[in-house]
Amino acid sequence: MAEADALELLSRGRLEIEGRLVDASNTTLRAEITLDGLTRRCVYKPVQGERPLWDFPDGTLAGREVSAYLVSRATGWDVVPPTILRDGPLGVGALQLWIDEPATAESLIGFVPAYDVPEGWLPVANARDEDGDAYALAHADDQRLARLAVFDAVINNADRKGGHVLYPATGSVHGVDHGVSFHVENKLRTVLWGWTGEPLIPEAAEVLPALLAQLDGALGEALEDHLTITEVQQVRLRAKRLLRRSRFPDPPQDWPAIPWPPV
């Protein structure tokens, strides 16, 4: 559905909880949302269900989910589904449009035999299974994933697992679960390290300056509704550094570079 329609539905629709996604570390609920006879599914993450973290302020994860959507929208890449902050049955929380994946959807990230990395894929890390067989964590050398990698570097995403990447029938790629993003310290943790040190995708040379201009205006003001002033300043600095270096970032040396589990 059109983005404007999705935002209207999320903002004004009536929520009916279907159940909990049990694999999530924080309270994450799937719900139906209905407005003017139109019903869609969404993900509802109430603030009161957020598990305390040692490195992120309590009660801020939902706002970080919304902030990731705002940055995604500003890039024009639309890598994050429409997301808002609103009241719900369990209080204020993040509400995000549910993305359906067809049964035939194939992941562009995963573990593959180390001796048989698919053509066009980039190895990230080595691993072995319980029998000692060698595998490689790898991902496709795909423009859609490259956009997501640039986006993650800008928002300082600390949890880009393979399972946090969705493949709808439209052929686009969406990233979800951005609650642990926007920290002022470098916490980038991702499975998309295949382009480490390589030149950024050419379109980043246009997208990043446009993003910086918006951060100095309405986007920056909107982010300050959910993040601290320092966190918003760090978004600007990360975007500037990426643009100046014009290369994909290197893995951190003082922080685990890959989330667990990776996929």
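The values are calculated or read from the model by the stated rules, or taken from the named source; none is laboratory data. From a predicted model like this one, the values you see are computed outputs, not experimental measurements. For neighbour counting, all protein chains shown are included, and Cβ atoms are generated from backbone atoms with ideal geometry for every residue, glycine included. Ligands, DNA and RNA are excluded from the accessible area calculation, which covers all protein heavy atoms including side chains. Shrake-Rupley method; radii C 1.70, N 1.55, O 1.52, S 1.80 Å.
Some notes on this structure:
- Across region 216-231, the qualifying residues are those that are without any contact (Cβ under 8 Å) to a residue 40 or more places away in the chain and among the hydrophobic types (A, V, I, L, M, F, W, C), and the one among them that is farthest from residue 83 (Cα to Cα) is 229.
- Scanning region 82-106 for residues that are open to solvent by 60 Å² or more (accessible area, probe 1.4 Å) and touching a residue at least 40 places away in the same chain (Cβ under 8 Å), we see that the one that is farthest from residue 226 (Cα to Cα) is 106.
- The residue pairs whose first member lies in region 201-212 and is buried (at least 17 other Cβ atoms within 10 Å of the Cβ), whose second member is β-branched (Val, Ile, Thr) and outside any loop (DSSP other than H, G, I, E, B), and whose beta carbons are closer than 7 Å, counting only pairs six or more residues apart or on different chains, are 204/150; 207/75; 211/75.
- Checked against the criterion of being within 28 Å of residue 141 (Cβ to Cβ) and of a type in the set (Gly, Ala, Ser), region 212-230 has no qualifying residue.
- Where residue 162 falls short, out of the listed (1) open to solvent by 30 Å² or more (accessible area, probe 1.4 Å); (2) small (Gly, Ala, Ser); (3) in contact (Cβ under 8 Å) with a residue 60 or more places away in the chain: (1)
- Filter result for residue 231 (in a loop (DSSP other than H, G, I, E, B) and either touching a strand residue (DSSP E or B) at 6+ places or on another chain (Cβ under 6 Å) or charged (D, E, K, R) (or both)): no
- Any hit, region 38-59, residues being over 30 Å from residue 216 (Cβ atoms), touching an Asp or Glu at 6+ places or on another chain (Cβ under 8 Å) and touching a residue at least 60 places away in the same chain (Cβ under 8 Å): yes
- Test: residue in region 131-139 that is assigned to a helix (DSSP H, G or I) and either open to solvent by 10 Å² or more (accessible area, probe 1.4 Å) or at pLDDT 95 or above (or both): no
- Residues that are of a type in the set (D, E, K, R) and touching a Leu at 6+ places or on another chain (Cβ under 8 Å) within region 6-35 comprise 8, 12, 14, 18, 20, 30, 32, listed in sequence order.
- The set of residues from region 27-61 being assigned to a loop (DSSP other than H, G, I, E, B) and surrounded by fewer than 18 Cβ atoms within 10 Å (Cβ to Cβ) comprises 27, 36, 37, 51, 52, 53, 54, 55, 57, 58, 59.
- When residues of region 174-186 are limited to those that are among the hydrophobic types (A, V, I, L, M, F, W, C) and open to solvent by 10 Å² or more (accessible area, probe 1.4 Å), the one farthest from residue 46 (Cα to Cα): 184
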